[in-house]
Amino acid sequence: MQPRVSIVMAARNAANYIGEALSSIEPALGHSDLTYEVVLADGQSTDPTLAIATSFPGVRLVSHRDGGIYDGMNRAVAAAEGEFVIILNSDDLLLPGSLVKLVGALSLHEGGGAASGGIKFGSNAGPAAALEKLVPLSSSGLLFGVPAINARLFRRSFLDRLGPFRTDIGLGADRELLLRALRIGMQGLAVEGAVYFYRTHAGSHTLSSDSAGRVRIYESDLQLASALLADASLSSLERLDTRAYLAIARVKIRRLAQSNGCVRRQDTMERTRALDLIRGLRHYFHWRGVLSGF
């Protein structure tokens, strides 16, 4: 029987958390009769990640080698057989009842490309902070808001139309994929409440609070902005928002460099237009801590 839901995961040396991540799937299904599969792309783990993962039912390994997290996600998505696809990071959790809620929303709207919910985040799911307010997608929201790619259940046919994650722009690949979804007119749906928990910990790519983590994020901001501005098909509004995003990225990375000297990039020395910076500051304070939309 073809699974209705494919939970795709890219992992490397995730033994500390992957068991909890996989254990969150059954509660996310609730008491429904939804069929599912877990498609795991492993990036040559040298710890017990694979032993833990394959002890769970329905886990299918598709790769022992990839070129990073987004290459792994692309491999897992390509191998997924479900009607709907959701990305579960190996250090995060699906919240109870989330898959039932998201599948129900998309099942009722055949034209919907994805259904989105809110998120929680913290060191554990108990006293977690929450972001749950959803607004329609916009280029400013996707650049300056919280993209929450994992809190979205995609229709597989829409993902096929959308294409894979870019693997050349670092952590900005989430935002770039969703910008493409906006540009091709994705019909998004919003569900009430949080559906996904992002775990904050020192090894997180995006939610670690140390200098190295901030450098990764700021560097990816510069990569994403440069890649978007090189696209001749960018609309005038998207170009304005991207220039504003680049201006804020330069300010962030410059301030970090001044505080601890850990960043040295020629890009930080380039001049920033005052109008771009003003627009960027307006978007930054409007979207800070707000979900990008649906």
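The values are calculated or read from the model by the stated rules, or taken from the named source; none is laboratory data. Values in this document were obtained by computation on a predicted structure and should not be read as measured data. When we count neighbours, we look across all protein chains shown, and the Cβ atoms used for this are built from the backbone with ideal geometry, even at glycine. The area values use the complete protein model at the heavy-atom level, side chains included, leaving out ligands, DNA and RNA. Shrake-Rupley method; radii C 1.70, N 1.55, O 1.52, S 1.80 Å.
Of everything in the range 216-241 that is within 20 Å of the chain's Cα centre (by Cα) and open to solvent by 30 Å² or more (accessible area, probe 1.4 Å), the residue that is modelled with the lowest pLDDT is Arg216.
Okay, residues lined up against (1) open to solvent by 10 Å² or more (accessible area, probe 1.4 Å); (2) modelled with pLDDT of 95 or more; (3) outside any helix (DSSP H, G or I); (4) more than 23 Å from Gly97 (Cα to Cα):
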{"position": "Asn150", "(1), (2), (3), (4)": "no, yes, no, no"}
{"position": "Arg161", "(1), (2), (3), (4)": "yes, yes, no, yes"}
{"position": "Pro164", "(1), (2), (3), (4)": "yes, yes, yes, yes"}
{"position": "Ala173", "(1), (2), (3), (4)": "no, yes, no, yes"}
{"position": "Ala181", "(1), (2), (3), (4)": "no, yes, no, yes"}
{"position": "Met186", "(1), (2), (3), (4)": "yes, no, yes, yes"}
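Scanning the range 30-54 for residues that are modelled with pLDDT of 95 or more and in contact with a Ser or Thr (Cβ under 9 Å, 6 or more places away or on another chain) turns up Tyr36, Glu37, Val38, Val39, Leu40, Ala41, Thr49, Ala53. Selection of the range 90-100 for residues being more than 11 Å from Ala151 (Cβ to Cβ) and open to solvent by 10 Å² or more (accessible area, probe 1.4 Å) yields Ser90, Asp91, Leu93, Pro96, Gly97, Val100. For the range 1-56, a residue qualifies if it is within 24 Å of Ala194 (Cα to Cα) and among the charged types (D, E, K, R), and the qualifying residues are Arg4, Glu20, Glu26, Asp33, Glu37. Checking each residue in the range 108-142 for being modelled with pLDDT of 95 or more and assigned to a helix (DSSP H, G or I) picks out Ser139, Ser140, Gly141, Leu142.
Which residue is surrounded by the fewest Cβ atoms within 10 Å (Cβ to Cβ), if the candidates are limited to the range 36-77 and must be polar (S, T, N, Q) and free of Cβ contacts under 8 Å to residues at least 40 places away in the same chain? Of everything passing the filter in the range 36-77, Thr46 is surrounded by the fewest Cβ atoms within 10 Å (Cβ to Cβ). Entry remark, the range 107-119: residues being surrounded by fewer than 24 Cβ atoms within 10 Å (Cβ to Cβ) and touching a residue at least 40 places away in the same chain (Cβ under 8 Å) number 6 in total.
Is it the case, given these coordinates, that Asp91 is touching a strand residue (DSSP E or B) at 6+ places or on another chain (Cβ under 9 Å), assigned to a loop (DSSP other than H, G, I, E, B) and touching a residue at least 40 places away in the same chain (Cβ under 8 Å)?
The answer is yes for Asp91.
All conditions in (1) assigned to a loop (DSSP other than H, G, I, E, B); (2) open to solvent by less than 60 Å² (accessible area, probe 1.4 Å); (3) modelled with pLDDT of 95 or more hold for Glu81, with the sole exception of (2).
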